Amino acid sequence: MADSQAPMVRPKRKKVLVDYLVLFRWIPAIFIALPISALIYFCIYVGGIWSATKSEKRRQMEHEENVKKVVQRLKQRDPKKDGLVCTARKPWVVVGMRNVDYKRARRFEVDLSAFNNILEIDTEKMVAKVEPLVSMGQMTKVTCPMNLSLAVAPEFDDLTVGGLINSYGISGSSHIYGLFSDTVVAMEVVLADGRVVRATKDNEHSDLFYAMPWSQGTIGFLVSAEIKLIPIKEYMRLTYTPVRGTLKEIAQAYADSFVPRDGDRAKVPDFVEGMVYSSSEGVMMTGVYATEEEAKKKGNKINRVGWWFKPWFYQYAETALKRGEFVEYIPTREYYHRHTRSLYWEAKLIIPFGDQFWFRFLLGWLMPPKISLLKITQGEAIRNYYHDNHVIQDVLVPLHKVSDVLEFAHGELEVYPVWLCPHRLYKLPVKTMVNPEAGFEQHRRPGDTSYSQMYTDVGFYYAPGAALRGEVFNGAEAVRKLEQWLIANHGYQAQYAVSELTEKDFWRMFDGSHYERCRRKYNAVGTFMSNYYKSKKGKKTEKEVLQAEAEAAIREAADADAE
């Protein structure tokens, strides 16, 4: 660990009442959140069955009627007295950890709750047409039995298509297909003036097509999307490879797991994931689709990780550090959702004994509690405590800087495990919110091509070492330092997370040029809140929001004149 920045030595923190509220948070989690979550999951299951009984024609007709309702609702808005437009979705329903503070100000709500149907699975065009509130759990339940999948299928059941497009989404196949939004073929969008348009990468609304990802719904309402499907097989042949060494050596082993040094593309796996358990240990996992026939051959091990009593996946993967490298077969859908029951490893903080066999056997079938219910039961004091003593951040960095961010984070955050997931970042015809490094194609580093640069999502989801030791930890300051590191190293912060960015730094991190042009062109300014003010931490007053929009309109008009 000689090449790693040592964690800071911090003074001990005096315990206060909220520490004990957090310590016993498992009580409302088990007795309130879990049973209500189970009821909600059952209702979702019944709703899915009901939706599946409808013909595609009927689902499409209902979709068109619901789109008309959205258009009518927008036309009812009086810009002079009504607030800015947002969805009617309750703040606590959002999966992300960022406070949805913009919904505390006066606003004009539009109900999109009916947009939760899979409209069509086109096996000829290999495209799924879905509404924005369709979850990944819904999608895999329908597509996996057909030996089909979304090209990028993020791990959590509750993640929705709309959130994955308007913000960002990733999975273990992103080193091949890119981010979730890169797999979108077309988007149906309701604009501020009530027009309904279909945007693709090569029609008259191609500018809108490239502006919607990472916009957080601040240009228009996404009401359906057509998304690329790929053929899959029944099982995932997963290889667990333990790694020991410095963080630089762990980062190199991670890169080698999916970027063959001899350049042989046949060796590139279908899925990749890395978990760093400490500053000196990690496990790399590579998956290749396999048929049921292959999986059931004599001598092959099948692991049904989806059973409720099974060990949490991250802990099971860690056993490779003792066992050495091993291979097994996991049913594909169960593999896709391997981190759902334990919320990656966040459930360990919420229910400390949740990973024990007796709990998994008796109550594991109720896991996980819905994140929305955890938010409701935590209260303001616990929410603020987590902001100060907890880190939930996904950061996207160039592959060649993974070792640097791991070393930086070890010194500033000391959060383990760390999740690693590679993804392509494409060089697109226009400058979108996120772009590869300038001139990346000239360097052609491992994983890069002439049209894309290889990035990595580095996920930090746990209490920092200092907080676990009872030491003083300033979460806001740590996040600020991480954000500045990202700006300096051409990295990006996932927008679901708590952000400490100022407006100036937000637009230093993200390229807003194309986004702002589309907001002007499609009349979003003065109707939808801007991206920064939707992300900004803290309660927004109506005066603050309207002032920000007025200032933005003046700037944008000046930019338009300059052009």
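The values are calculated or read from the model by the stated rules, or taken from the named source; none is laboratory data. Treat the numbers as computed from the prediction; the structure is a model and nothing was measured. Quick reminder, even Gly has a Cβ in these numbers, built from the backbone with ideal geometry, and neighbours come from all protein chains shown. When the accessible area is computed, the model is the full protein with side chains, heavy atoms only, and any ligands, DNA or RNA have been set aside. Shrake-Rupley method; radii C 1.70, N 1.55, O 1.52, S 1.80 Å.
Filtering 301, 248 for residues that are touching an Asp or Glu at 6+ places or on another chain (Cβ under 9 Å), closer than 23 Å to residue 340 by Cβ and basic (Lys, Arg) leaves a single hit, 301.
Could you check, for the range 313-335, whether at least one of its residues is open to solvent by 50 Å² or more (accessible area, probe 1.4 Å), touching a residue at least 24 places away in the same chain (Cβ under 8 Å), assigned to a loop (DSSP other than H, G, I, E, B) and of a type in the set (A, V, I, L, M, F, W, C)? No, the range 313-335 contains no residue that is open to solvent by 50 Å² or more (accessible area, probe 1.4 Å), touching a residue at least 24 places away in the same chain (Cβ under 8 Å), assigned to a loop (DSSP other than H, G, I, E, B) and of a type in the set (A, V, I, L, M, F, W, C).
Give the range 367-415 a look and list any residue that's open to solvent by less than 40 Å² (accessible area, probe 1.4 Å), part of a helix (DSSP H, G or I) and hydrophobic (A, V, I, L, M, F, W, C), or say none. Hits for the range 367-415 are 371, 373, 374, 382, 399, 402, 405, 406, 408, 409. Note on the range 488-528: residues that are open to solvent by 30 Å² or more (accessible area, probe 1.4 Å) and without any contact (Cβ under 8 Å) to a residue 24 or more places away in the chain total 4.
Inspect the range 226-238 for any residue being open to solvent by less than 20 Å² (accessible area, probe 1.4 Å), in contact (Cβ under 8 Å) with a residue 24 or more places away in the chain and closer than 30 Å to residue 518 by Cα and give the result as yes or no. Yes, because at least one residue in the range 226-238 is open to solvent by less than 20 Å² (accessible area, probe 1.4 Å), in contact (Cβ under 8 Å) with a residue 24 or more places away in the chain and closer than 30 Å to residue 518 by Cα. None of 273, 249 is without any contact (Cβ under 8 Å) to a residue 24 or more places away in the chain and in contact with a helix residue (DSSP H, G or I) (Cβ under 9 Å, 6 or more places away or on another chain) except 249. Within the range 474-482, does at least one residue satisfy the condition of being at negative phi, surrounded by 21 or more Cβ atoms within 10 Å (Cβ to Cβ) and assigned to a loop (DSSP other than H, G, I, E, B)? No: the range 474-482 contains no residue that is at negative phi, surrounded by 21 or more Cβ atoms within 10 Å (Cβ to Cβ) and assigned to a loop (DSSP other than H, G, I, E, B). Against the conditions (1) out of contact with any strand residue (DSSP E or B) (no Cβ under 7 Å at 6 or more places or on another chain); (2) of a type in the set (D, E, K, R); (3) at pLDDT 95 or above, residue 106 satisfies every one except (3). Just one of the listed residues (23, 34) is aliphatic (A, V, I, L, M), out of contact with any helix residue (DSSP H, G or I) (no Cβ under 9 Å at 6 or more places or on another chain) and closer than 30 Å to residue 468 by Cα, namely 23. Just a yes or no: is a residue in the range 367-388 at pLDDT 95 or above and touching a helix residue (DSSP H, G or I) at 6+ places or on another chain (Cβ under 6 Å)? Checked against the condition, which is being at pLDDT 95 or above and touching a helix residue (DSSP H, G or I) at 6+ places or on another chain (Cβ under 6 Å), the range 367-388 yields no hits at all.
Yes or no: the range 491-512 includes at least one residue that is of a type in the set (Gly, Ala, Ser), over 30 Å from residue 188 (Cβ atoms) and modelled with pLDDT of 90 or more. For the range 491-512, residues of a type in the set (Gly, Ala, Ser), over 30 Å from residue 188 (Cβ atoms) and modelled with pLDDT of 90 or more: present.
Residues that are closer than 19 Å to residue 85 by Cβ and either free of Cβ contacts under 8 Å to residues at least 24 places away in the same chain or out of contact with any strand residue (DSSP E or B) (no Cβ under 6 Å at 6 or more places or on another chain) (or both) within the range 167-198 comprise 167, 191, 192, 193, 194, 195, 197, listed in sequence order.
Across the range 56-77, a minimum of one residue is classified as free of Cβ contacts under 8 Å to residues at least 60 places away in the same chain, under 16 Å from residue 107 (Cα atoms), assigned to a loop (DSSP other than H, G, I, E, B) and open to solvent by 40 Å² or more (accessible area, probe 1.4 Å).
Would you call residue 431 at pLDDT 95 or above and among the basic types (Lys, Arg)? It is false that residue 431 is at pLDDT 95 or above and among the basic types (Lys, Arg).
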